[in-house]
Structures are given as structure tokens and as C-alpha cells.
Amino acid sequence: MQKSSIFSKFTCPDKKAEKISSPNEQAISSHLANTKQYEETKLQLEEALKENAELRQEVLLLNETMTALPLRLEADLVNFLRLSNGNCSQLPKQAIGKQTNFNC
């Protein structure tokens, strides 16, 4: 004997159907999404600022190095001339010119 139920005539609503939310629920959901986006953007900005500071430090160091380079090159040239007893034949022609005070 087959069991029949009076409920078999009724169908259950689809569980996948979207829930209609109230304006408050929509506002809360929107606020949470905006907060998440804000936090992600804040983290990206902090990372960019950190990278910017690192790059700025590298630029300062490079600028310092480039400022000191001509003095270092001149000191190396003076040392070379002292060691070579003024024999300029070993120097490249570009190093001997009007910019130096050496008589070669």
C-alpha cells in the first residue's frame, strides 16, 4: 500500500531563490564591501609609500655617489701620477687635458 500525504500536493519553494533584503541589510552589505575595499586600498597605499621611501633613499645615495665621483676620479689620477713619477704615457688621452693641472 502506497503512503500518500496531503503535503505531496504542495511544492517547496526553491531554496536557491534570492532572498529579498531590506534597505538596512543592503546598506550594511554595501558598507561592508566599501570597508573591505578601503582596507585593501589602504594596504596598497602603505606598500607604495614604503617602496617610495626606499626609492627615495636609493636616489639620495646615488646622488651622493655621483657628487663624490669626480673628486674620487681626480684623487685616483693624482695617485696614479705620483706612483708613475709623472710618466703620462700610461694614461689614456682623455685623462690628459685642460681640465687637469698636470704637466705631462
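The values are calculated or read from the model by the stated rules, or taken from the named source; none is laboratory data. Computed from a predicted structure; not experimentally measured. Here Cβ is always computed from backbone atoms with ideal geometry, including for glycine, and neighbour counts include all displayed protein chains.
Under 7 Å between Cβ atoms, which residue pairs at least 6 apart in sequence (or on different chains) link something in segment 59-84 that is without any contact (Cβ under 8 Å) to a residue 60 or more places away in the chain with a partner that is part of a helix (DSSP H, G or I)?
Leu77/Ala95; Ser84/Gln90
Out of curiosity, is Asn103 of a type in the set (S, T, N, Q), modelled with pLDDT under 65 and surrounded by 10 or more Cβ atoms within 10 Å (Cβ to Cβ)?
Working: of a type in the set (S, T, N, Q): yes; modelled with pLDDT under 65: yes; surrounded by 10 or more Cβ atoms within 10 Å (Cβ to Cβ): no.
Judged against the criteria, Asn103 is not a match.
Got a sec? Which of Asn79, Asn85, Asn52 is modelled with pLDDT of 95 or more and either touching a Phe, Trp or Tyr at 6+ places or on another chain (Cβ under 6 Å) or not β-branched (Val, Ile, Thr) (or both)?
Details: Asn79 fails: modelled with pLDDT of 95 or more; Asn85 fails: modelled with pLDDT of 95 or more.
Within the list Asn79, Asn85, Asn52, the selection yields Asn52.
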